[in-house]
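Structure first, commentary second.
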Amino acid sequence: MTRTPYRYPALLEPNEKGRLVVHFPDLPEALTDGADAVEAFAEAPDCLSTALAARVVDNEDIPAPSPVRPRSIPGGAGCDDIAADGRCPC
């Protein structure tokens, strides 16, 4: 069985409590956060994998990823192209 690599663009935005939230526009159910950009992006691959797995279990479509648009990441850490296998092409 061949593994399909999944990569999705992610957005990093502060919430009302000052934490940084990573969300995936193509998968609105996939949300995670961290105290800073490094922590938030460290959590992102597991979040993405969980969201994709839930769609498979629920027999829902897996959308094609939107094109990645370069962004300015607060603190200069991380990237906005997240892979479900945890690799980051920064």
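Numerical summary
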read-out	value
Scope region 1-21; condition in a strand (DSSP E or B) and closer than 21 Å to P67 by Cα; matching residues	R7, Y8, P9, L11, L12, E13, V21
Test for D33: is it modelled with pLDDT of 70 or more and either of a type in the set (D, E, K, R) or surrounded by 17 or more Cβ atoms within 10 Å (Cβ to Cβ) (or both)	yes
Enumeration of residues in region 22-68 that are among the acidic types (D, E), part of a helix (DSSP H, G or I) and closer than 13 Å to Y8 by Cα	D46
Of residues in region 1-30 being touching a Gly at 6+ places or on another chain (Cβ under 8 Å) and of a type outside the set (K, R), the one surrounded by the most Cβ atoms within 10 Å (Cβ to Cβ)	V22
In region 4-31, the residues that are more than 8 Å from the chain's Cα centre (by Cα) and free of Cβ contacts under 8 Å to residues at least 24 places away in the same chain	T4, E13, N15, E16, K17, G18, R19, V21, P28
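The values are calculated or read from the model by the stated rules, or taken from the named source; none is laboratory data. Computed from a prediction, not measured in an experiment: that's the story for all the values here. Cβ coordinates were reconstructed from backbone atoms using ideal geometry, including for glycine residues, and neighbour counts include every protein chain displayed.
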